[in-house]
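To start, the structure under review is shown below, and the notes come after it.
The values are calculated or read from the model by the stated rules, or taken from the named source; none is laboratory data. Keep in mind that what you see is a predicted model, and the values were worked out from it rather than measured. Heads up, the Cβs are rebuilt from the backbone with ideal geometry, glycines too, and the neighbour counts pull from every protein chain shown. Heads up: the accessible areas ignore ligands, DNA and RNA and are worked out on the full protein's heavy atoms, side chains in. Shrake-Rupley method; radii C 1.70, N 1.55, O 1.52, S 1.80 Å.
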Amino acid sequence: MMKLLLTDSGIRNASIRDALVGLLDKPIAESSALCIPTAGYGGPYADPAGPWRFVSGRAPGPMTGLGWRSVGLLELTALPGIDRARWVSWVREADVLLVNGGDALYLCHWMRESGLAALLPSLPDTVYVGLSAGSMVMTPRVGEEFVGWTPPGGGDAALGVVDFSIFPHLDHPDCPENSMAAAERWAAGIAGPAYAIDEQTAVKVADGAVEVVSEGRWKRF
């Protein structure tokens, strides 16, 4: 399995940053990143400004602007038209994949269609850092509450790389519907392990071990 850092809103505090550096096993300034903005186009309220903020490092949750040695852009919807060996080499050369938020099921669809999802198991030394939908896509299900873009086959299934689901943006002022009570109702319908996390929280997965890294509020169901 890849090394995963599944965040709510990016690298928001020193604890999450330290977890990232630990997964990289070298300084950020010596690491190369590929950023994946695709999820930012999929939601019902998406606009082109969101992906641009993510790519440019101007989003509220730091990702591309952390001081990487280099940053490249990998747009999943473009990959089917590119020679596979070429883009696979880009992915294999990167130390970290930075995956934007937006719509988790749209992202899931394009991770599969592009071939990236099938490539992930062969990248045990690569660090995957998700932001919101970029984190949720790695779970078995997102829950009906987070279905925005509808996949061709319907449902709420994601990639299932990990065996737990994620309820993001817990108690965020811009998401008043994401209360702890709402998270409890969501978890009851997920029928599996799950975490509710706020913007100061991330879930780290390495060597099969799951660890919550937090300076905020979270709950395991």
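Looking at (1) assigned to a helix (DSSP H, G or I); (2) over 25 Å from GLY208 (Cβ atoms), which is the only condition GLY22 fails?
(2)
Identify, please: which residue in region 76-99 is open to solvent by 40 Å² or more (accessible area, probe 1.4 Å) and among the acidic types (Asp, Glu) and is, among those, farthest from VAL129 (Cα to Cα)?
Among residues in region 76-99 that are open to solvent by 40 Å² or more (accessible area, probe 1.4 Å) and among the acidic types (Asp, Glu), the one farthest from VAL129 (Cα to Cα) is ASP83.
Restricted to region 142-155, and to residues that are touching a helix residue (DSSP H, G or I) at 6+ places or on another chain (Cβ under 6 Å) and free of Cβ contacts under 8 Å to residues at least 60 places away in the same chain, which residue is most open to solvent (accessible area, probe 1.4 Å)?
Within region 142-155, the first condition is being touching a helix residue (DSSP H, G or I) at 6+ places or on another chain (Cβ under 6 Å), and the residues that meet it are 142-143, 145, 149, 151.
Pick out the ones that are also free of Cβ contacts under 8 Å to residues at least 60 places away in the same chain and you get 142-143, 145, 151.
Numbers: VAL142: 0, GLY143: 2, GLU145: 112, PRO151: 25 Å².
Looking at the filtered set, the residue picked out is GLU145.
In region 162-188, what residues are under 20 Å from ALA117 (Cα atoms), open to solvent by less than 10 Å² (accessible area, probe 1.4 Å) and without any contact (Cβ under 8 Å) to a residue 60 or more places away in the chain?
Correct list: PHE164, SER165.
Among the listed residues LEU105, LEU159, LEU97, LEU120, identify the single one that is touching a residue at least 12 places away in the same chain (Cβ under 8 Å) and either in a loop (DSSP other than H, G, I, E, B) or closer than 15 Å to SER9 by Cβ (or both).
Details: LEU105 fails: either in a loop (DSSP other than H, G, I, E, B) or closer than 15 Å to SER9 by Cβ (or both); LEU97 fails: either in a loop (DSSP other than H, G, I, E, B) or closer than 15 Å to SER9 by Cβ (or both); LEU120 fails: either in a loop (DSSP other than H, G, I, E, B) or closer than 15 Å to SER9 by Cβ (or both).
Just one listed residue meets the conditions, LEU159.
So which of ILE36, ILE28 is within 17 Å of GLU93 (Cβ to Cβ) and crowded, with 21+ Cβ neighbours inside 10 Å?
Values: ILE28 fails: crowded, with 21+ Cβ neighbours inside 10 Å.
Exactly one of ILE36, ILE28 is within 17 Å of GLU93 (Cβ to Cβ) and crowded, with 21+ Cβ neighbours inside 10 Å, namely ILE36.
Give me the residue from region 100-128 that is more than 11 Å from the chain's Cα centre (by Cα) and of a type in the set (Ser, Thr, Tyr) and, out of that set, most open to solvent (accessible area, probe 1.4 Å).
That would be SER122.
Scanning for something part of a strand (DSSP E or B), under 26 Å from ALA118 (Cβ atoms), modelled with pLDDT of 95 or more and open to solvent by less than 40 Å² (accessible area, probe 1.4 Å), does region 39-57 turn up at least one residue? Show your work before the answer.
We begin by selecting, within region 39-57, every residue part of a strand (DSSP E or B); these are none.
Scanning region 39-57, I find no residue that is part of a strand (DSSP E or B), under 26 Å from ALA118 (Cβ atoms), modelled with pLDDT of 95 or more and open to solvent by less than 40 Å² (accessible area, probe 1.4 Å), so the answer is no.
With the structure loaded, tell me whether GLU215 is open to solvent by 20 Å² or more (accessible area, probe 1.4 Å), in contact with a helix residue (DSSP H, G or I) (Cβ under 6 Å, 6 or more places away or on another chain), modelled with pLDDT of 95 or more and closer than 28 Å to ALA14 by Cβ or whether it fails that test. So that I can check it myself, show each step before the final result.
Details: open to solvent by 20 Å² or more (accessible area, probe 1.4 Å): yes; in contact with a helix residue (DSSP H, G or I) (Cβ under 6 Å, 6 or more places away or on another chain): yes; modelled with pLDDT of 95 or more: yes; closer than 28 Å to ALA14 by Cβ: yes.
Spelling it out, GLU215 is indeed open to solvent by 20 Å² or more (accessible area, probe 1.4 Å), in contact with a helix residue (DSSP H, G or I) (Cβ under 6 Å, 6 or more places away or on another chain), modelled with pLDDT of 95 or more and closer than 28 Å to ALA14 by Cβ.
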